[in-house]
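What follows is a set of notes on a single structure, which appears directly below.
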Amino acid sequence: MSTIQDLLEELRRETLSTRRVLERIPEASLTWRPHAKSMSLGQLALHTASLPGMLSVLLHAPAQEVPTVPLPEAVSVSEILTMLEQQVAAAEEIVSSWDEESLRETFRWTLQGAVLIETPRFEQVRSVLLNHWYHHRGQLTVYLRLLDVPVPGIYGPSADE
């Protein structure tokens, strides 16, 4: 199996777990935040849902300026789930267009033109795209726990299952 196929399979598998977490979000709590410095549940959920496609687009070019990420707040769980489906489809399309050589190409993050990070694109896909996505999904499970919402299993059953 190719690295591209492995990435696509991981993306699809992790989408199922992410969807299970997002489906548990109580719509009445979208403006709730655990701390004044934290994102609201609606912001974190919409950000989590948008990451696969947004980051795939960014990583498609050989270099990107570090983006300022707007954090709009979702108004419904339906909006969040629709965003997830759209962004995962966009990510699948972009990742499918790559080949093994393009994964080895150097990718650069810049800030005001200065190079901050320069690694093979594959490392960026693993860290900035996938690991970043899992990090925010994990944050969502903490939000759910604090709201006393049963947390779904991600890599096996949770304490609530």
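The values are calculated or read from the model by the stated rules, or taken from the named source; none is laboratory data. Model, not experiment: these values are computed from the prediction. Ideal geometry is used to build each Cβ from the backbone, glycine not excepted, and the neighbour counts take in all protein chains shown.
Quick one: which of 40, 50, 78, 17 is hydroxyl-bearing (Ser, Thr, Tyr) and touching a helix residue (DSSP H, G or I) at 6+ places or on another chain (Cβ under 6 Å)? Walk me through how you get there before you give the answer.
Values: 40 fails: touching a helix residue (DSSP H, G or I) at 6+ places or on another chain (Cβ under 6 Å); 78 fails: touching a helix residue (DSSP H, G or I) at 6+ places or on another chain (Cβ under 6 Å); 17 fails: touching a helix residue (DSSP H, G or I) at 6+ places or on another chain (Cβ under 6 Å).
Selected residue: 50, the only one of 40, 50, 78, 17 that is hydroxyl-bearing (Ser, Thr, Tyr) and touching a helix residue (DSSP H, G or I) at 6+ places or on another chain (Cβ under 6 Å).
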Among (1) within 18 Å of residue 134 (Cα to Cα); (2) at pLDDT below 95, which single condition is residue 45 missing?
-> (2)
For the range 1-16, enumerate the residues that are crowded, with 16+ Cβ neighbours inside 10 Å and under 14 Å from residue 49 (Cβ atoms).
-> 11, 14, 15
Cβ pairs under 7 Å, 6+ apart, first in the range 4-33 and in contact (Cβ under 8 Å) with a residue 40 or more places away in the chain, second of a type in the set (Lys, Arg) = 18/137; 21/137
Filter the range 116-161 down to the residues that are part of a loop (DSSP other than H, G, I, E, B) and aliphatic (A, V, I, L, M), then identify the one that is surrounded by the fewest Cβ atoms within 10 Å (Cβ to Cβ).
-> 159
Within the range 64-79, residues in contact (Cβ under 8 Å) with a residue 40 or more places away in the chain and part of a loop (DSSP other than H, G, I, E, B) come out as 66, 73, 74, 75, 76
Within the range 98-115, can you find the residues that are out of contact with any helix residue (DSSP H, G or I) (no Cβ under 8 Å at 6 or more places or on another chain) and in a helix (DSSP H, G or I)?
-> 101
Any residue in the range 50-60 that is closer than 16 Å to residue 23 by Cα and in a helix (DSSP H, G or I)?
-> yes
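I'd like the full set of residues that are polar (S, T, N, Q) and either out of contact with any Asp or Glu (no Cβ under 8 Å at 6 or more places or on another chain) or not in a helix (DSSP H, G or I) (or both), limited to the range 3-19.
Within the range 3-19, 5, 15, 17, 18 qualify.
What number of residues within the range 80-99 satisfy the criterion of being surrounded by fewer than 19 Cβ atoms within 10 Å (Cβ to Cβ) and without any contact (Cβ under 8 Å) to a residue 60 or more places away in the chain? Don't jump to the end; show me each part of the working.
First pass over the range 80-99, keeping only residues surrounded by fewer than 19 Cβ atoms within 10 Å (Cβ to Cβ): 81-82, 85-86, 89-90, 92-94, 96-97, 99.
Subset that is without any contact (Cβ under 8 Å) to a residue 60 or more places away in the chain: 82, 85-86, 89-90, 93-94, 97.
Selection size over the range 80-99: 8.
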